[in-house]
């Protein structure tokens, strides 16, 4: 078993290794952000960089200062450390993206399952709902909601899941339709299993595995959209660290403060790129039709 | 509504750098003005002037318009009864030849100049004047914001085709401004059909120095010179309006507008502070453009943080003063505004004759802030480092309109400064309309925003206790009987010197009570092509673009 | 077939109704109203000193905008007008809403369609190549390029394009605002077209980037899917040359799913263009919608939502029909 695993890993292409490694590094950053950048005051922690995302002495710190040994990525428009804000921003983005994907997946799976399982009127009704949401100028709708409601992760989560569950729902629905007529399900039904049991024991597990292929892509696109929204000023509340917020500052100051654009932009790009590459590697691995290629 | 929100009195404090570059010989303003408008330069009248609009105007109807973009265009198309001379700030006739105020101050008679016509050749009479004011007061007309303003106008009476009488309900020192600066509109055009939907709202017809030519939706508006303008025969007006065509380019992104300026597609604009001091502060720009910064006595307005005086937290005067001492305005001015801001001392601009001259801006002083808080009964909790009183910590929320990066920076800096002293402030931003709604419902702890400047400003609407109940603009709920009395008296005092004395006393009360934390006065910033002459700010009025001209040989566009 | 089309049209109407209902209720429930708009003098946080409304004017305005009636009554009123294709009168400038839309629709459609064509012209071959040479250098390159296109905010691309190719500091090749030159009216027919194209290039790059990435990705997936079908194996077994297998069978079949995707692109193109239109000063539908939203101009926003929803439903409908014609195996009756 174990040696099989090693052999399997050895077969993986280099790019998968690199992208997988990068994904791991980012997850590490997200989990250990408080140890990477924090005010030295907090006891028991010896952070890499002595600044928290919000710590600044406005009288001493230079605003929009170029990178130095003290501020390795420079300072932002009110003199905060860009490295600290970037690390915590990445943490926020990654956690939030996981949250969004999880919620989308749960809603999508349950609804799609119900639609595929029961079919008929339920299917027709929710298909309409899907069509309604799918045909909305969704970005405009998101901007509207974010502009008019209070800024915060709750509203952001709502706005992002608004249309995000649809692909999962569509996929699970199709899987259920396919599986419903398969022999093992028919057999279970003939043996007198309850509907609930068939739903959760037979159909759900079988349609879930392929669903996980979506996850890295969805994470990556959620992070991109979140970045774009906070870039436009519709994301997190004003003082919360985020990658998009740094890029927003870069837009105003792009002639005098390149470090505001280059580091956040570079890290955002690296994060989404590695997620997407890792995702396609995962898909190639799990998708049985492509294994023999 | 010419100039209601536009600065009028002006004190020039041009950034020395740009100033020297356009007059090598001397730095004194009056000399500079005379040099720049020296008569040896021959104006040519066939050049164009291209300016920038940041958005498509909603309408070009002077009464219905609500945005500054429409005002920028409409000002050239219509005339008002009077105007204020830019050099002396004295009222003088425009459409009106003369006017008289009755002894009781409640009736105003205006006599029009004979022979004035609208752009379509129709004569302008007092019927048009009456129509204009009746329209403003007509509740079916979509101009609710003006109806409130003209509430004290009782009626307009036509005495003869050239003589009109206004009946007013009360004596008020701004009555002449209110009546004299309204754009007069032709009755035979706008009086036909539904005013709100009139076709002329998009193809305006007035009597002004320029005639509407075209409005390419979302792209540009063009005006051409009115060949039959009555002002050509009027001594004070005849040397103005020197461009054959005015083009207003609509560019919705400010940074692109700046690029367009540098490329020469736009001749003049008001840049942001950042643009002015960083991207425009280059020798290449200096070669092609004038660049000024100036302050005005009526001001562009000022920013402030208002404390909700209905809350127990902000009841104490000491607390409010402490909050003002805790704001590092000098630091903010230096670090984010390139030292371009004047620290506000009160509701009137520092250079205004209405402001008490002895008032000094409140400096940053954390020790004093702490002492004041302790005097008001607050004590630092050693465990948290935050001030507490009766077991409650000093914590509040600052609310402001989203989307302005400079406001965000000010709020973040203030948050840090308060934290150092031992006060917790949370920041919350809302989209503008939502913010206004919240403000009108008094649902805030503290709010940050700004008031625009106005000609001969009256503080009544903002500070009188009668305006604190939802109808006025006294959102913070400031109630002070002494201040009320002073403002009521000032409104009916027609002698400006006596009035200013009253306002001096009022300013002192405001400074003592500190109901607002006054932030910065907004300066006027300007860049414009060196092709133009006569462009320097004249002593009293800001930039009178009506007086600009292109000297012979410098013209860029040549009208055939 | 006919019953299928009829059924689809009926369902489309239901969906359209749903969209209007949801957007109407949502709009009215968002905080703020046209009344607050009337107080707005300056977007940057300033107010004139005479900015308040008396209770009488407030009541008058509420009656004027029908804000004194319950939401559902207002919706029914709106629906009645819509049934007669009357989109009402704008709150902002009292013009008929349909006129405002009509002014701007052509601009948005031209940009939308051009960007779809451009992204098809580039995206199809790119996706095809990377699918055909899976895991090769070109495939990796495309994958990275696609992600790059996805993760660069349109705003950043726009600012870069404007600064480098139009700003004059580096190159002065393209105009940086608007859709035509000042002397457009005096140009010859050819001159007019060239002038428009000259103005269109930079914004079109921004418009196309998202759909280009999407189409490339889809085409790659689609060709991979096609290559694994049984008929390809059969064709190969028959001894057909690889190139002919690829072009005749795999490529042609891989195009079919792309047809549906084009329909799906329409809503994002019509709705998501606010940023590009603001940046390039293009008077399109996206900008109109956004401005109307900020002004709480409910009739204009509703018309905007309704029309773009209608267009995208139409797009999907047409592409489904095409799909059916191209691929007779698809049985829609059973759906």
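The values are calculated or read from the model by the stated rules, or taken from the named source; none is laboratory data. None of these values were measured; they are calculated from a predicted model. Positions of Cβ are generated from backbone atoms using ideal geometry, with glycine treated the same way; all protein chains shown enter the neighbour counts.
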Tell me, which residue of the range B:431-457 that is facing chain C (nearest Cβ under 7 Å) and more than 23 Å from residue A:146 (Cα to Cα) is surrounded by the most Cβ atoms within 10 Å (Cβ to Cβ)? B:451
State all residues of the range A:247-267 that are in contact (Cβ under 8 Å) with a residue 60 or more places away in the chain, over 13 Å from residue B:408 (Cβ atoms) and assigned to a helix (DSSP H, G or I); if no residue qualifies, say none. A:259, A:260, A:263, A:264, A:267
Give all pairs with beta carbons closer than 9 Å in which a residue from the range C:226-238 that is assigned by TED's automatic domain parsing to the domain that holds residue C:129 meets a residue that is surrounded by 15 or more Cβ atoms within 10 Å (Cβ to Cβ) and outside any helix (DSSP H, G or I); count only pairs at least 6 apart in sequence or on separate chains. C:227/C:134
Any idea which of B:248, B:212 is outside any loop (DSSP other than H, G, I, E, B), in contact with a strand residue (DSSP E or B) (Cβ under 7 Å, 6 or more places away or on another chain) and farther than 24 Å from residue B:285 by Cβ? B:212
Check the range A:261-280 and report whether any residue there is within 13 Å of chain C (Cβ to nearest Cβ), more than 21 Å from the chain's Cα centre (by Cα) and at pLDDT 85 or above. yes
Note on residue A:151: of the conditions (1) in contact (Cβ under 8 Å) with a residue 60 or more places away in the chain; (2) within 26 Å of the chain's Cα centre (by Cα); (3) within 14 Å of chain C (Cβ to nearest Cβ); (4) part of a helix (DSSP H, G or I), unmet is (4)
Would you be able to say whether some residue in the range C:151-168 is within 30 Å of residue A:13 (Cα to Cα) and in a helix (DSSP H, G or I)? yes
Identity of the residue in the range C:56-92, facing chain B (nearest Cβ under 9 Å) and without any contact (Cβ under 8 Å) to a residue 12 or more places away in the chain, that ends up farthest from residue C:307 (Cα to Cα): C:56
Output the number of residues of the range B:100-115 satisfying the condition of being farther than 11 Å from residue B:166 by Cα and surrounded by 17 or more Cβ atoms within 10 Å (Cβ to Cβ). 3
Which numbered condition in (1) surrounded by fewer than 19 Cβ atoms within 10 Å (Cβ to Cβ); (2) modelled with pLDDT under 95; (3) outside the structural domain of residue B:252 (by TED's automatic domain parsing) is the only one that residue B:198 fails? (1)
In the range C:97-115, how many residues are free of Cβ contacts under 8 Å to residues at least 60 places away in the same chain and either buried (at least 17 other Cβ atoms within 10 Å of the Cβ) or in contact with a strand residue (DSSP E or B) (Cβ under 6 Å, 6 or more places away or on another chain) (or both)? 0
Every residue from the range C:135-183 that is surrounded by fewer than 17 Cβ atoms within 10 Å (Cβ to Cβ) and at positive phi: C:135, C:168
Hits in the range B:92-114 - residues which are over 28 Å from the mean Cα position of the chain (by Cα), farther than 16 Å from residue B:206 by Cβ and not in a strand (DSSP E or B): B:102, B:103, B:104, B:114
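Quick grid of which residues meet (1) within 23 Å of residue B:53 (Cα to Cα); (2) assigned to a strand (DSSP E or B); (3) within 23 Å of the chain's Cα centre (by Cα); (4) more than 10 Å from every other protein chain (Cβ to nearest Cβ):
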{"residue": "B:166", "(1), (2), (3), (4)": "no, yes, no, yes"}
{"residue": "B:176", "(1), (2), (3), (4)": "no, no, yes, yes"}
{"residue": "B:183", "(1), (2), (3), (4)": "yes, no, yes, yes"}
{"residue": "B:218", "(1), (2), (3), (4)": "yes, no, no, no"}
Out of all the residues in the range B:411-430, which are in contact with a helix residue (DSSP H, G or I) (Cβ under 6 Å, 6 or more places away or on another chain), facing chain A (nearest Cβ under 7 Å) and surrounded by fewer than 23 Cβ atoms within 10 Å (Cβ to Cβ)? B:427
Members of the range B:266-309 that are farther than 18 Å from residue B:341 by Cα, more than 14 Å from chain C (Cβ to nearest Cβ), touching a helix residue (DSSP H, G or I) at 6+ places or on another chain (Cβ under 8 Å) and not in a strand (DSSP E or B): B:286, B:308
So how many residues does the range B:466-498 have that are within 14 Å of chain C (Cβ to nearest Cβ), surrounded by fewer than 17 Cβ atoms within 10 Å (Cβ to Cβ) and assigned to a loop (DSSP other than H, G, I, E, B)? 2
